[in-house]
Amino acid sequence: MTSPNTLASLADGQSARITELYIEGIMRRRLLDLGFTAGAFITCLQHSASGDPAAYLIRGTVIALREEDSRRIAVTDQSC
């Protein structure tokens with residue numbers, strides 16, 4: 001079985017659909033409130049100069065996420 005692609009694997013300008021969150025607790029609640037739900041379309045806008053964090057566009061809002069968190073968000077259809 002192959003592991004799912006994660007949000008952290010997106011390059012600048014690449015888009016995908018969220019399939020699942022592997023985050024628990026308050027961070028999960030926060031992401032769900034921001035629209036990080038299954039089926040949501042998300043685009044990686046850019047990574048910082050150091051590579052962490054990265055800015056993502058989701059539901060008309062730009063959100064910066066640390067790589068630690070973006071590795072715990074499964075995505076699919078990266079060719080969108």
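Computed values, structure above
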| item | result |
| --- | --- |
| For region 34-80, diffusion coefficient by Stokes-Einstein and Kirkwood Rh (Cα), 25 °C, 0.890 mPa s, µm²/s | 219 |
| Taking the chain and dividing mean pair separation by its residue count, relative contact order in percent (alpha carbons under 8 Å, at least six apart) | 44 |
| Calculated SAXS-style log₁₀ I(q)/I(0) at q = 0.11, 0.18, 0.23, 0.24 Å⁻¹ - the chain, Debye, Cα scatterers | -0.23, -0.65, -1.10, -1.20 |
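Any read-out appearing in this document is the output of simple, stated calculations on the displayed coordinates, not a laboratory observation. As the structure is a computational prediction, the values presented were derived from the model and not from experiment.
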